[in-house]
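One structure is given here, and the rest of the page talks about it.
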Amino acid sequence: MASMDDYRQTHIISASPMDLVVMLYEECIAALSRAEASFDLDESERCQGISNHLLHAQDIITELSVSLDFGAGGEIAANLNRLYDFMSNHLSAANLSKNALPIREVRALMVDLLDAWRQVAAQAPAATFDASTGGGTGALLASG
C-alpha cells in the first residue's frame, strides 16, 4: 500500500494548480458519496461514518474557499465563496440531522462545478491559471 500512497503523493506534488482544484473537487465528491453510503451501515458505524466523511468534505470546501483569489477572480470568486459557504452550512445541517438530502444536493452542485473546472482546465494551459490553490491542499487529498 505504501507504493500507492507514494504514487498519490507524487501526483499531488507535481500537479498544476488547476489539476489540484480538480482533484479537490473529485475528493470532495468521493467523500460525499462515502457519507451517503454510510447511511446503509449498521447503527454503530452509521453516525460515525456519516460524520467523518462529511467533515472531510467540509475541510475540502473550506480549503477551496480560502484558496480563492478575489483580486484575480472578482465576481466569480465572490460567487464561489458564497456557494462554498452555502454548501458547508448545508453539510453541517446534514451532519446534525443525519439527513441524506442535503448531502445529495451538495454533491450535485460539486459535480456541476467539477464539470465546469474540467472544461476550464481543458481550455487553459496551466501557466495561465491565476487562482492559488493554497498550501494545505495536498494534505487534504492525501488523507482521503
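Readers should treat all values here as calculations from the given coordinates under stated rules, not as data from a laboratory. What you see is a predicted model, and the numbers here were worked out from it, not measured in a lab. For neighbour counting, all protein chains shown are included, and Cβ atoms are generated from backbone atoms with ideal geometry for every residue, glycine included.
Of note:
- Anisotropy class of the stretch 8-97 from Cα gyration tensor, a/c 1.5 cut: oblate
- Stretching Glu45 away from Ala124 to a fully extended chain increases their span by 24.1 nm, per 0.36 nm per residue minus the current alpha-carbon distance.
- Note on Asn52 and Glu75: their simple-model spin labels are 4.4 nm apart, each label 7 Å out from Cα toward Cβ.
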